[in-house]
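Scroll down for the structure; my scribbles are underneath it.
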Amino acid sequence: MEQTLYTQLLAAQLEFPKIKKDATNPFFKNKYASLDGILETVLPILHKNALVLVQNPINDGDRIGIHTQIFHTDGDFIESKFTVTLAKNDPQGAGSAITYCRRYALTAMLGLNVEEDDDANTASGNHQAQQARPAQTLQSPTPTIRR
């Protein structure tokens, strides 16, 4: 049965267009692909290929993140968990971290072609960029398949 899941995921990946940068970061004025834009692009293609996306918030101590699962209608699925340390420990910080994790987990699991957004600012040592979004530390990066 795993072959069906991967066959349909492959079919979906062959249909995914390059994801457009449809939002602007107000702090750095750079463009990025919003979660809404990504979902509007991929959900119809996933559904056409009998694939369902499920993303649930998770926490692990002082970390928050997303448990992403992609199901085939035959019951097989792949999953991955992605958590980050909160940059701001309040409801807005949690919401921002969850949205951030949803966007990056979805992009990674589906193999989407999206150019980097503000990560270059962080990598270049821009301290302001590090405060503008949650600190990222990936946990359990290897997707698992289950029946």
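Taking the condition β-branched (Val, Ile, Thr), at pLDDT 95 or above and within 27 Å of LEU14 (Cβ to Cβ), does THR68 pass? Taking the combined requirement at face value, the residue satisfies it. If you take the residues of the range 31-58 that are surrounded by fewer than 17 Cβ atoms within 10 Å (Cβ to Cβ) and over 19 Å from the mean Cα position of the chain (by Cα), which of them is nearest to HIS72 (Cα to Cα)? Top of the filtered list is ALA50. Any residue that is assigned to a helix (DSSP H, G or I), surrounded by fewer than 19 Cβ atoms within 10 Å (Cβ to Cβ) and in contact (Cβ under 8 Å) with a residue 60 or more places away in the chain - is there at least one of those in the range 60-77? The answer is no, given that none of the residues of the range 60-77 is assigned to a helix (DSSP H, G or I), surrounded by fewer than 19 Cβ atoms within 10 Å (Cβ to Cβ) and in contact (Cβ under 8 Å) with a residue 60 or more places away in the chain. For the range 82-103, the set of residues classified as of a type outside the set (Ser, Thr, Tyr) and surrounded by 19 or more Cβ atoms within 10 Å (Cβ to Cβ) consists of PHE82, VAL84, ALA97, ILE98, CYS101, ARG102, ARG103, listed by residue number. Is there a residue in the range 2-18 that is within 19 Å of ASN113 (Cα to Cα), in a strand (DSSP E or B) and in contact with a helix residue (DSSP H, G or I) (Cβ under 9 Å, 6 or more places away or on another chain)? Looking through the range 2-18, none of the residues is within 19 Å of ASN113 (Cα to Cα), in a strand (DSSP E or B) and in contact with a helix residue (DSSP H, G or I) (Cβ under 9 Å, 6 or more places away or on another chain). The set of residues in the range 8-38 that are without any contact (Cβ under 8 Å) to a residue 40 or more places away in the chain and either under 16 Å from TYR100 (Cα atoms) or of a type in the set (D, E, K, R) (or both) comprises GLU15, LYS20, ASP22, ALA23, THR24, PRO26, LYS29, ASP36, GLY37.
The values are calculated or read from the model by the stated rules, or taken from the named source; none is laboratory data. What you see is a predicted model, and the numbers here were worked out from it, not measured in a lab. When we count neighbours, we look across all protein chains shown, and the Cβ atoms used for this are built from the backbone with ideal geometry, even at glycine.
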